[in-house]
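The values are calculated or read from the model by the stated rules, or taken from the named source; none is laboratory data. Predicted model only: the values in this text are computed from it and were never measured. Cβ sites come from the backbone with ideal geometry, for glycine too, and all protein chains shown count toward neighbours.
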Amino acid sequence: MYFAKVFKVFRKHYVLVPLEIFGSDPYKTLVSTLLSARTKDEVTLEACNRLFARAKNLGQLSKLEIETIEKLIYPVGFYKTKAKHLKKLSSLITEVPETAEELIKLPGVGVKTANLVLNRAFDIPAIAVDTHVHRISNLLGWVQTKNPEQTEKELVRILPKRYWPDTNRLFVSIGRRFSSKKKLEMFLEKEKLI
């Protein structure tokens, strides 16, 4: 497999993904990732900015009413459910956990969110597989999987750990830039990756 070449090309074409601005802040990374499911990053970013202006940490978040959280995060997808998850998780923890096992126990947190938090907020190598990572990994021929969960398991098995921290960031950037399958295939062909 030609991992080094792919990562070199993807780094060259990388464009900042909006939610990366929360960088190593565990609280903001957890909340923004939870809110981003089924929502465009630009919408999530605006919702996060409103929410973080009122709740700078888990303690402040826990003091907000669910209705207030709903108003602050609207129009993210499933905002009512996400508001309940945020309210509940802010009552369960005072600090963001540093293990996947503990993160996954939180309401609204799945494997992808847990891995993204570990990777971005705590510099713990993990592969967060979303639709971009799943689609591109399959197009590259690295995996032949039907869903992101299978892709994550396969990538953990085959991808050297040194690439894990950059996988989501780079693949999401490329996936956002080349949003249709045709555009993505043309890009990958032009760069001689497929």
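Descriptive notes on the structure:
- Any hit, region 24-32, residues being modelled with pLDDT of 95 or more, closer than 22 Å to I93 by Cα and loosely packed, with under 15 Cβ neighbours inside 10 Å: no
- Filter pass, L103 being closer than 24 Å to W164 by Cα and in a loop (DSSP other than H, G, I, E, B): no
A quick yes/no check of all residues on (1) more than 14 Å from the chain's Cα centre (by Cα); (2) surrounded by 14 or more Cβ atoms within 10 Å (Cβ to Cβ); (3) closer than 24 Å to L86 by Cα:
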residue: P107; (1), (2), (3): yes, yes, yes
residue: V111; (1), (2), (3): no, yes, yes
residue: A114; (1), (2), (3): no, yes, yes
residue: V117; (1), (2), (3): no, yes, yes
residue: R135; (1), (2), (3): yes, yes, no
residue: S179; (1), (2), (3): yes, no, no
residue: K190; (1), (2), (3): yes, no, no
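- Selection status of N147, at pLDDT 95 or above and either surrounded by 14 or more Cβ atoms within 10 Å (Cβ to Cβ) or acidic (D, E) (or both): no
- Residues in region 138-181 that are within 19 Å of D41 (Cα to Cα) and in contact (Cβ under 8 Å) with a residue 40 or more places away in the chain: 12 in all.
- V9 being surrounded by 17 or more Cβ atoms within 10 Å (Cβ to Cβ) and assigned by TED's automatic domain parsing to the domain that holds R162: yes
- Among residues of region 77-124 being in contact (Cβ under 8 Å) with a residue 60 or more places away in the chain and among the β-branched types (V, I, T), the one that is farthest from P148 (Cα to Cα) is V96.
- Those helices (runs of 4 or more DSSP H) of region 1-87 in which at least 2 residues are over 17 Å from the mean Cα position of the chain (by Cα), considering only elements entirely within it, cover 3-12, 41-54, 58-63, 66-73.
- Some residue of region 153-160 being assigned to a helix (DSSP H, G or I) and closer than 12 Å to F7 by Cβ: no
- One residue alone among K112, K82, K8 is of a type in the set (D, E, K, R) and over 22 Å from S173 (Cβ atoms), and that residue is K82.
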